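First up is the structure itself, then whatever we jot down about it.
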Amino acid sequence: MRGLIRWNPTLWALCAVLSAGGCKSCGDGQPPPPGQPGPAIEPLEGRLSLTSVEPGRVPVGQPSSVVVRGAGFERGATVSFGDQQAVKVTVLNPNQLAVDLGALPAGRYDATVRNPDGASATLRAALLVEGTASSSCDPATVYFETDRSTLGADGKGAVASRAACYASANAAVRVEGHADERGTTDYNLALGERRAIAVKAELVERGVAEDRVSTTSFGEEQPVDDGHNDAAWSKNRRAEVSVGR
């Protein structure tokens, strides 16, 4: 009969194999032919990554604790939120870090974990610090040596202990510089101003917005001790920091 295909046992067997078992080189999960690379498989185990920070919200101006979750955490890892490094980091296991934070200003912060080998990973907008900070931060007084405007260790400590509150307060920060009675009026006014500026620089270094800090000098005009001896003068060589005035 015209158009009738003659039956061929060999051809029939080949078609049966192809239709039932498939071609081994057609992506059916079998190894590729020799010399042909297989699909790239990216190992995930042990890779440093961040998935969440819990809780994701903490109050402004208060120390807090959070848990950072992810993978690949190693002993000695550090954690930072923005440019603020965590006070303490405890590696609970390769997937969890217990993190103690200092007081942070209001805002949303990226979280970054760094392992001792230099590997790092960042989770964007991982932590929200919210709320309205109180403007009733404790005032600070910084004392100076005679004719000096450089902060000593005690002065830096006085600023550091209140800097987080000043940074998060929704109010202006005022620094007043003072001098003892010795020296001319003009000299003491200039010295008081240098002292105020030095304290402002320390505040800014510790996170207080520069445009919120103002300085003024009273020279010798506002002593806290009216005596005329070293004990009185040491109290009057000072800069005073206050918020909301």
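Need the full-extension length gain, T51 to K88, defined as separation in residues times 0.36 nm minus the C-alpha distance. One decimal, nm. Don't skip to the end; give the middle numbers.
Numbers: separation 37, 0.36 × 37 = 13.32 nm, distance 1.98 nm.
Taking T51 through K88 to full extension adds about 11.3 nm, to one decimal.
Working out 0.36 nm times the residue gap between T150 and A71, then minus their Cα-Cα distance, what length gain in nm do you get to one decimal?
On the way: separation 79, 0.36 × 79 = 28.44 nm, distance 4.61 nm.
Once the chain is fully extended between T150 and A71, it gains 23.8 nm.
Report the one residue of G207, V241, S149 whose Cα lies farthest in the direction of the positive end of the charge dipole of segment 140-243 (charges on C-beta: Lys and Arg +1, Asp and Glu -1; origin at the Cα centre).
Positive-most Cα among the choices belongs to G207.
Can you list residues whose amide H is under 5 Å from V87's amide H, if they're 5+ apart or on another chain and H is modeled 1.01 Å from N?
Counting only residues 5 or more places away or on other chains, the set is D100, L101, G102.
Order these by the 10 Å Cβ neighbour count, fewest first: L104, L128. Don't skip to the end; give the middle numbers.
On the way: L104 23, L128 15.
So the residues, fewest neighbours to most, are L128, L104.
About the Cα centre, and with charges only on the beta carbon of Lys, Arg (+1) and Asp, Glu (-1), how big is the dipole of segment 49-130? Nearest 20 debye, please.
Working: 7 positive and 7 negative charges, 15 e Å.
That gives segment 49-130 a dipole magnitude of about 80 debye.
Using R₀ = 35 Å, calculate the FRET efficiency as 1/(1 + (r/R₀)^6) where r is the Cβ-Cβ separation of A171 and H228; round to 0.05.
On the way: r = 37 Å, r/R0 = 1.06.
E(calc), rounded to 0.05, equals 0.40.
Can you list residues from other chains, or at least 5 along the same chain, whose modelled amide H is less than 5 Å from the amide H of D110?
G82, A125, A126
Got a sec? How would Y187, Y109 order by Cβ neighbour count within 10 Å, fewest to most? Provide the component values of the computation, followed by the final result.
Values: Y187 14, Y109 22.
Final ranking by Cβ density, sparse to dense: Y187, Y109.
Starting at the first residue of segment 138-145, write each ³J(HN,Hα) from the Karplus equation 6.51 cos²θ - 1.76 cosθ + 1.60 with θ = phi - 60°, in whole Hz, x for Gly and Pro.
Calculated HN-Hα couplings, in order: 5, x, 10, 10, 10, 9, 10, 6 Hz.
Values quoted throughout were computed directly from the atomic coordinates according to the rules given, and no laboratory measurement underlies them. Remember, predicted model here, so these are calculated numbers, not experimental data. Ideal geometry is used to build each Cβ from the backbone, glycine not excepted, and the neighbour counts take in all protein chains shown.
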